[in-house]
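See structure below.
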Amino acid sequence: MVDRNLIGRCGLYCGACGIYRAYRDGGAYRERLASAFKCPPEKVRCQGCQALTPECWGNDCKIVKCLNVKGLQFCYECSDFEKRTCERFEKFSGDYLKEDGVDLRANLSRIQAGNVDEWLEESEEKYRCPNCNRPLPTSSFRKKCYHCGKELPS
């Protein structure tokens, strides 16, 4: 059964978000992200864009903040998205996720079209370790599985 809380407002599958994975999986990965972000490990927490609580990391996300100010649920609802003039979205989708082959615009099109459950199921399968089958974040956060320690394909 798919978890609809993992529908990213920017089009990212929240189940592959490094913050979400670190919070859910804990351990050394959470410690490593906390160190990288210079914060205590308990601050690295999120339950997905559709389940934000006051203490969730996602509330500090610049895209989430922008959507909240504009009263929008998803980036595709914004006129700046259509005109490709949203610097936050373009930077995040280009610089951060391009090397991972994540197409946020395509994901948002599927969400907008109502193909959410199918997209969530595919995404859940895509972001798994081929060795131990446990969930992982996008590859920009990892080079080896933090569950089983095996090197991951590029």
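Overview of values
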| item | result |
| --- | --- |
| Given (1) in contact with a helix residue (DSSP H, G or I) (Cβ under 6 Å, 6 or more places away or on another chain); (2) closer than 18 Å to residue 108 by Cα; (3) surrounded by 15 or more Cβ atoms within 10 Å (Cβ to Cβ), index of the condition residue 44 fails | (2) |
| Subset tally (residues that are touching a Pro at 6+ places or on another chain (Cβ under 9 Å) and surrounded by 12 or more Cβ atoms within 10 Å (Cβ to Cβ)) for segment 107-138 | 4 |
| Filter pass, residue 22 being surrounded by fewer than 18 Cβ atoms within 10 Å (Cβ to Cβ) and within 26 Å of residue 147 (Cα to Cα) | no |
| Index of the failed condition, residue 52 passing every other in (1) surrounded by 13 or more Cβ atoms within 10 Å (Cβ to Cβ); (2) more than 19 Å from residue 117 (Cβ to Cβ); (3) modelled with pLDDT of 95 or more | (3) |
| Breaking point among (1) at pLDDT below 90; (2) among the hydroxyl-bearing types (Ser, Thr, Tyr); (3) exposed (fewer than 13 other Cβ atoms within 10 Å of the Cβ); (4) more than 20 Å from residue 29 (Cα to Cα), for residue 154 | (4) |
| Residue ranges of helices (runs of 4 or more DSSP H) in segment 1-90 with at least 2 members over 15 Å from the mean Cα position of the chain (by Cα) | 27-37, 62-70, 79-83 |
| Odd one out for residue 91 among (1) exposed (fewer than 14 other Cβ atoms within 10 Å of the Cβ); (2) touching a Gly at 6+ places or on another chain (Cβ under 7 Å) | (2) |
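The values are calculated or read from the model by the stated rules, or taken from the named source; none is laboratory data. Computed from a prediction, not measured in an experiment: that's the story for all the values here. Glycine gets a Cβ as well: all are built from the backbone with ideal geometry, and neighbour counts include every protein chain shown.
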